[in-house]
Amino acid sequence: MLAERLAVPVMAATEVRFRLLAEAGAVRDGLRLIFAEEPLLSMSGDDRGNAEIVLAEVLNNVVEHAHAAGSGPILLVLSLDEGFLHCRVEDEGTPMPGGELPGGHPVDPADLPEGGFGWHLIRLLCHGLRYERIGGRNCLSFSLPAERSGG
C-alpha cells in the first residue's frame, strides 16, 4: 500500500499518522486519502484549501529534494486542537542545506527556472514553522489555522 493510516490517541487530542512513500504518485494518492479523512475532512473550506497547499508543497519537496536520489518513507502526523491543525513531517532523506529551512521571500517569477513560490507560501500560511535534523531524520513541524466547517 502506498499510503497507510494509523490512528493513535494522544491525551485530549487525537493524533493521526499517515505513512507515505517518497514518490510523486504515492504522495498524490496519499493526499487524496489524507483529505478524505479526519481531521481534514471536517475543516472549513478555506482552512482546508490552505492545508492542501501547504501539505502538497511540503510532501512534494520531500520527494524532489530530500529523496531525489531514491525513494524512502515519509511519516505525516496530524492533530487538531484549539483551532489549529498541528503537522509534523519526518523523512530519512538528505538534510536541508546548511541544516536550515530555505528562504521564503518573494522573488520575480522571471528569475525562477521552475516554481519557487513553495517556501514563500508555506511561510505565509504556517505558524511555528520549525526544522530539525534528529537521528538522521528530517523533522518539519508547523501549525495551520483550522476552523471546523459550519462554525
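Every number here is computed from the coordinates shown, using simple stated rules; none is lab data. Predicted model only: the values in this text are computed from it and were never measured. Glycine also receives a Cβ, built like all others from the backbone with ideal geometry; neighbour counts cover every protein chain displayed.
Observations on the structure shown:
- Selection within region 51-94 - under 16 Å from Ala24 (Cα atoms) and in a loop (DSSP other than H, G, I, E, B): His67, Ala68, Ala69, Gly70, Ser71, Gly72, Gly93
- In region 122-138, the qualifying residues are those that are surrounded by fewer than 16 Cβ atoms within 10 Å (Cβ to Cβ) and touching a residue at least 40 places away in the same chain (Cβ under 8 Å), and the one that is farthest from Val62 (Cα to Cα) is His127.
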